[in-house]
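Written below as structure tokens is the structure these notes are about.
The values are calculated or read from the model by the stated rules, or taken from the named source; none is laboratory data. These numbers were taken from a predicted model, which means no experiment stands behind them. A quick note on method: Cβ atoms are made from the backbone with ideal geometry, for glycine too, and the neighbour counts reach across all protein chains shown.
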Amino acid sequence: MASDTGTKRFKALRRIWAHSVKRLRPNLFSRLNLIIIGINFAALTILVIGIFAITENRRGLVDAKIESLHAQADIIVNVIAETAVQGVPQPRMDSDIAREVLSRLYVPEETRALIYDRHGILVADSHLIAGRVGIETLPPLEDEARLDAVQSSAWSNLTRRVRALVLSPQQRQGLARTIRDEVELALTSGEVVSGVRHGDEGERVVSVTLPIQPVQAVVGAVVYESYDLDTLIATERRAILPYIIFAAIVSLALAIWLTVYIGGPVRRLADAARMARLAGGGRVAMPRMPGRKDEIGDLARAYAAMTDTLYDRLDAIESFAADVSHEIKNPLTSIRSAAEVLPKAKDDERRDRLIKVIQHDVHRLDRLITDISNASRLDAQLARESLRSVNLAAILRDMVALYAQRDDPKSITVSATDLPEVMGVNAHADPLSRVFTNLIDNAITFSPDQGVIALAAKRDTQKGRQVWVITVSDDGPGIPADNLDTVFERFYTQRPQGAAFGKHSGLGLAIARQIVTAHGGQIFAKNRDPAQDGRTGAIFTVILPFTPWSPETA
């Protein structure tokens with residue numbers, strides 16, 4: 001029973017592990033995640049190299065070792081100078097006595113003492129005196145020996161080059177010396193020579209060479225060297241190794257966490273974008289990641305908002321195409337009907353009436369196509385041109401002056417008596433002028449004879465920001481309450497009674513709203529309250545962000 005329970009638990013753990021690996025695999029091996037892991041381990045590698053370089057170049061360790069060897073060698077030199085140096089005025093060292101002195105002194109196993117006479121000839125060796133036997137491994141067979149020699153030589157050269165990067169010029173010069181060089185330097189200069197050099201087998205040796213100099217003449221030299229520097233450094237590195245392994249595990253864990261925290265969401269966004277591309281125009285829900293308050297969350301929400309805007313634009317284009325098709329079919333149907341009836345007309349009067357219908361519909365179709373073309377180019381124009389600071393008050397006054405010069409059979413007055421002197425707006429000047437041209441033209445259509453269209457503006461604060469509020473009011477019948485918003489829809493063409501049919505495309509107010517929205521503003525319509533001034537009519541309100549203006553910024 002216990003065995004079955006253990007088997008089930010093991011299978012459950014295997015399923016969890018397989019599921020986790022399946023989820024992590026596409027994230028772990030993506031380019032971004034490999035870069036994250038690589039950067040983590042690059043930093044760790046630099047740290048490890050630095051640690052090894054520090055242990056390699058431990059001046060404190062070497063200096064302490066040299067000081068200890070110097071003290072021991074100094075004892076040997078003093079004893080030899082007292083017992084083995086004879087002769088006046090030309091002193092000389094008795095080699096037998098020097099060898100006897102060295103045999104009576106204690107030399108630790110990891111160190112070695114050598115005595116040289118004034119000619120640089122070896123007199124005594126503590127290893128030979130102590131009877132120590134060197135153990136060397138026999139070389140392998142020819143092929144193996146050749147391969148081992150090549151590998152050993154390559155590794156030795158690589159190691160030496162790496163060491164050379166962290167050593168000073170004096171240290172590199174010391175490594176290049178031999179024991180013979182140190183002895184000759186001590187015998188000729190009478191100075192103490194110390195440092196680290198390479199031994200016969202490539203190992204590093206810390207050595208101190210002291211001249212035997214009773215008074216002034218140098219009669220010999222004592223070399224005291226230690227072979228345990230590499231062992232000490234290796235011991236320190238082995239002590240550091242557990243910390244390096246722990247740091248590597250932490251770096252790997254952090255890299256995997258960054259992979260899941262950064263790479264996973266980016267992968268989700270990429271997959272959602274791929275699905276949207278393959279959806280053929282259908283809406284695909286984008287991950288918004290509301291719980292994330294960092295840059296990835298901002299990216300996800302901006303990406304979702306951008307995609308929603310794109311879908312809305314596609315829907316608008318589709319709706320616009322359908323509306324255009326519908327609006328163009330009306331005059332085309334009328335033209336086709338008149339053209340079919342025209343050959344059958346029996347008198348000139350009927351024929352002339354049909355020809356006038358065809359001409360009217362052709363003009364209507366031409367005007368409709370022109371307005372549609374202008375509306376379709378508007379988005380590209382707004383996106384292509386750069387915004388600049390303009391004085392909207394000057395634009396409105398120039399517009400009122402132009403309307404005052406036009407020949408109007410209805411004698412409608414366009415006034416702008418309630419405008420500030422300067423109205424700074426960051427805008428496209430020509431499209432913004434078109435907004436108020438369309439609003440005034442629309443007001444003229446609905447205004448009675450002798451009517452007044454008034455433009456007014458004031459500065460206000462809405463939702464913590466400063467704005468300009470511009471109104472265009474007329475004396476017309478007003479707008480039905482149910483149509484206060486639909487008047488801004490494309491091809492909305494409800495005209496006043498008695499107006500000529502087909503004279504307007506129904507795009508003027510839709511274009512005005514499109515331009516105002518692109519400038520970060522609002523536009524809406526309402527009716528006058530007859531209880532206040534006894535007048536009826538519509539009031540169109542445009543709200544645009546305030547911008548400081550001066551002639552230098554224009």
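A few comments on the model shown:
- Filter result for PRO265 (without any contact (Cβ under 8 Å) to a residue 60 or more places away in the chain, under 19 Å from ALA42 (Cα atoms) and part of a helix (DSSP H, G or I)): no
- Subset of segment 337-376 (residues that are within 24 Å of ARG490 (Cβ to Cβ), charged (D, E, K, R) and out of contact with any Leu (no Cβ under 7 Å at 6 or more places or on another chain)): ASP361, ARG364, ASP366, ARG367
- Considering ALA217, ALA221, the condition of being in the same structural domain as LEU105 (by TED's automatic domain parsing) and in contact with a strand residue (DSSP E or B) (Cβ under 7 Å, 6 or more places away or on another chain) is satisfied by ALA221 alone.
- Strands (runs of 3 or more DSSP E) wholly inside segment 371-468 that include at least 3 residues being on the phi > 0 side of the Ramachandran plot and loosely packed, with under 13 Cβ neighbours inside 10 Å: none
- For segment 504-528, the candidate set comprises residues that are outside any helix (DSSP H, G or I), of a type outside the set (Lys, Arg) and closer than 29 Å to GLY464 by Cβ; within that set, the residue that is farthest from the chain's Cα centre (by Cα) is ALA525.
- Scanning segment 228-260 for residues that are among the hydroxyl-bearing types (Ser, Thr, Tyr) and either loosely packed, with under 14 Cβ neighbours inside 10 Å or not assigned by TED's automatic domain parsing to the domain that holds THR45 (or both) yields a count of 3.
- Flag if LEU484 is of a type outside the set (Phe, Trp, Tyr) and modelled with pLDDT under 85: yes
- Positions within segment 416-446 being touching a residue at least 60 places away in the same chain (Cβ under 8 Å) and either among the polar types (S, T, N, Q) or closer than 15 Å to PRO477 by Cβ (or both), in sequence order: ASN426, ASN438, ASN442, ALA443, PHE446
Per-residue answers, yes or no, for (1) exposed (fewer than 13 other Cβ atoms within 10 Å of the Cβ); (2) modelled with pLDDT of 80 or more; (3) of a type in the set (Val, Ile, Thr):
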residue: VAL266; (1), (2), (3): no, yes, yes
residue: PRO290; (1), (2), (3): yes, yes, no
residue: SER319; (1), (2), (3): yes, no, no
residue: ASP347; (1), (2), (3): yes, yes, no
residue: LEU354; (1), (2), (3): no, yes, no
